[in-house]
Structures are given as C-alpha cells and as structure tokens.
1. Work out how much length ARG158 to ARG16 would gain on full extension: take 0.36 nm times their residue separation and subtract the Cα-Cα distance, in nm to one decimal.
2. Just GLU150, GLU209, GLU122 to compare: in a GNM of the chain, with alpha carbon springs under 10 Å, which one fluctuates most?
3. GluC sites (Glu not before Pro), restricted to the stretch 245-337: which are DSSP loop and have at most 15 other Cβ atoms within 10 Å?
4. Give the order of HIS257, HIS61 when sorted by the count of other beta carbons within 10 angstrom, beginning with the fewest.
5. Contour minus end-to-end for GLU251 and LEU165, with contour as 0.36 nm per residue of separation and end-to-end as the Cα-Cα distance?
6. For the stretch 1-261, what relative contact order do you get, as a whole percent, if you take Cα pairs closer than 8 Å and at least 6 residues apart?
7. With a Cα-only, solvent-free Debye model of the stretch 1-261, what are the log10 I(q)/I(0) values at q = 0.09, 0.13 Å⁻¹?
8. Determine, for LEU304, LEU121, the number of other Cβ atoms within 10 Å of each Cβ, and report the residues in order from fewest to most.
Amino acid sequence: MSETAAEALVGRSDYRSPILALPGAVPVPEGPDMGVALHYGDPLREQRRLVAGEGFVDLSHRGVLRVSGPERLSWLHSLTSQHLSQLEPGVGTEALVLSPHGHVEAHMRVLDDGTSTWLTLEPGTAAGLRAYLESMRFWAQVEVADLSDEVAVLWQPRPSPQPGLLSWVCPPRGGSAGALAGRELLVPRDRLEAVLSRAGQPAGLWAMEALRLAAASPRFGFETDHRTIPHEVGWIGAAVHLDKGCYRGQETVARVHNLGRPPRRLVLLHLDGSTGELPGHAAVIEHEGRPVGVLGTAVHHFELGPIGLGLVRRSVPTEATLHLGRVSAAQEVVVPA
C-alpha cells in the first residue's frame with residue numbers, strides 16, 4: 001500500500017445512499033463522506049437523540065471486505081497489528097496495517113462470523129487494502145472479496161443487536177476508553193428498507209462526528225496523515241496488540257512504546273466561538289506564532305460548543321493556549337505528553 005491517507009480518502013463522487021431519499025436529508029457537500037446525509041434538518045437535536053440511545057446513522061459509504069478460507073484469521077494475524085489468530089465469532093476488534101516504518105496505512109474494524117472475517121473501512125480505502133491483501137496471499141488458503149456495493153454499514157448508539165444481521169459493539173472489547181460507543185451493523189443492501197423501518201429516526205454524520213470528537217476518537221485520514229504512528233492517536237491497545245508475533249512495522253511500535261516518546265500527540269481542542277469561525281480540515285495549529293500541529297476535524301457540539309481534534313508536537317505545553325488563524329483554543333489532553 002503506497003497511497004498516503006490523504007490520497008486514499010478520495011471518496012466516491014458517484015455514490016448516493018438510498019437513505020438520502022428520507023425527508024429532510026441534506027447530503028455531505030464534499031470530501032470522502034460524500035454520498036450520505038450531513039443532517040436531516042436539525043443537527044443539534046439529532047445529537048441529543050443519539051446521546052439518548054435512539055436512531056441510527058447512515059455509514060453506507062464505508063468500505064466492506066470479506067475474507068474467507070480456513071487460514072483467514074492466522075493470515076490476517078500475520079499482516080496486521082492486532083492479535084486475530086484466536087478471534088472468537090461475534091467478538092469485534094480493530095486492526096491496523098502499518099508501513100515498514102510503523103506509519104498507519106489502513107484502519108479497519110474486524111468481525112469474524114465463524115465462516116468469514118469482515119472488515120469495514122473508511123470510504124475510499126477498500127480497493128487499496130484489497131489490492132495489498134491480494135499481493136500478500138501467496139499460498140495462503142484465503143479469498144478476499146470487496147462487497148461494498150452489496151453490503152451497507154449502519155451505526156446505532158444502543159448496544160442491542162438486530163436479529164438476522166451481523167453486528168458488533170463499537171468500541172470493541174479492549175478498545176480505548178474514550179472511543180465512541182455504539183453498534184455497527186452490516187445490512188445487505190436489498191434489505192435496507194426493511195431494516196430502516198425498525199431502526200428509528202435517522203441522524204446525520206454531523207451528529208455522529210460531534211459525538212466522536214467529544215469522545216476523542218480519531219478517524220483514519222481525518223486525524224491521521226502519512227506520518228502518523230499508532231501511539232500518537234491512542235490506538236495502542238485498541239488496534240495494536242503489544243504481545244504478538246512479528247508483523248510489518250512492529251519494530252517502530254515496540255521502540256516508541258518502550259521509550260515513551262511519540263513525536264506528536266492527539267488533543268481535543270475547545271475552540272473560541274466568539275468569532276463565529278469553524279476552522280477547516282488541515283488548518284494549521286500555532287503556539288506563540290509558530291506552527292506546532294494540524295487540525296483534523298472541527299464541529300459544533302450541542303453541549304460543548306465548537307470543538308476539534310488535532311495533532312500537535314509532543315513538546316507543546318499541555319496548558320498552552322493554541323491558535324488556528326483568528327480562533328484560539330484550549331487543549332484537553334487525550335494522549336499524554
């Protein structure tokens with residue numbers, strides 16, 4: 001996988017979710033999340049609805065890969081950062097594909113159903129990951145299929161499963177404490193209408209992103225770039241198992257873990273709302289007039305106001321006030337310095 005995170009997350013400009021036909025749906029206007037609803041007319045109320053454990057979010061633009069074959073788990077175990085060789089059916093987890101230097105090249109959610117292993121991915125990344133996995137098959141008894149056009153992903157804030165659907169809890173067992181809780185469902189696209197009839201009222205991606213940022217839960221390609229290592233964004237433990245056999249990038253993971261000095265750290269930014277501005281993706285974060293980091297995502301939260309997630313240099317004092325253009329920001333520590 002040679003693409004950087006930014007190059008991979010190009011989105012599918014031709015994709016349009018059938019759920020956009022619901023009343024009030026306003027589509028995401030640009031970027032990798034195009035094709036699903038930004039909101040349905042009242043994003044703040046939609047946030048409150050999700051906090052109350054009601055409704056669902058359309059993530060049908062996410063990629064879905066299925067890995068089948070008797071050696072699927074041991075094979076994926078050897079290629080990723082997660083301990084997958086003994087993954088129990090129905091138990092979800094997260095995993096990364098790293099470069100030889102330990103940089104994050106792919107992030108996936110993983111579920112095995114006893115027959116196949118399912119991977120869900122950020123939009124625009126399924127084809128690249130499938131190509132990499134195919135290149136590493138050699139003599140392994142596995143098959144990799146891209147089912148993104150046949151299976152849709154939905155997210156619900158309540159943890160109860162729906163009968164007859166593959167689903168797993170997010171964050172999975174062992175996930176980071178601040179990760180956004182809920183349940184991810186895999187729905188055959190020809191059954192979407194029937195599932196929606198009992199899923200409750202929809203909430204747009206804006207609402208889910210606000211809850212995600214408040215939980216300080218990073219997204220690949222949004223709070224990561226081509227230089228990101230797992231320690232910087234809190235993926236150690238959640239997506240990286242520190243006690244498993246060799247895999248690509250393991251030397252960097254072990255070295256940084258033992259030294260405790262990742263170059264950057266993820267921060268939750270509480271933005272000054274007095275200017276009315278909301279900085280965009282990749283806005284430069286400054287301290288005392290010097291660039292010290294970059295913003296991933298910013299959004300208005302129904303209780304916290306304007307907030308953002310960004311990466312800053314490890315050396316930046318945790319109590320320092322930061323600036324993004326005319327907007328000042330206070331830090332809330334996510335990954336300790």
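1. In short, 48.5 nm is gained.
2. Comparing GLU150, GLU209, GLU122 in a Gaussian network model of the chain, the most mobile one is GLU150.
3. GLU288, GLU303, GLU319
4. Ranked by crowding around the Cβ, least crowded first: HIS257, HIS61.
5. Gain on extension, GLU251 to LEU165, equals 27.1 nm.
6. Computed over the stretch 1-261, the figure is 27 percent.
7. These q points yield log10 I(q)/I(0) values of -0.38, -0.81.
8. LEU304, LEU121
No value in this document is a laboratory result; all are computed from the given coordinates. Because the structure is a prediction, the values reported are computed rather than measured. Reconstructed Cβ throughout: ideal geometry from the backbone, glycine too, with neighbour counts over all protein chains shown.
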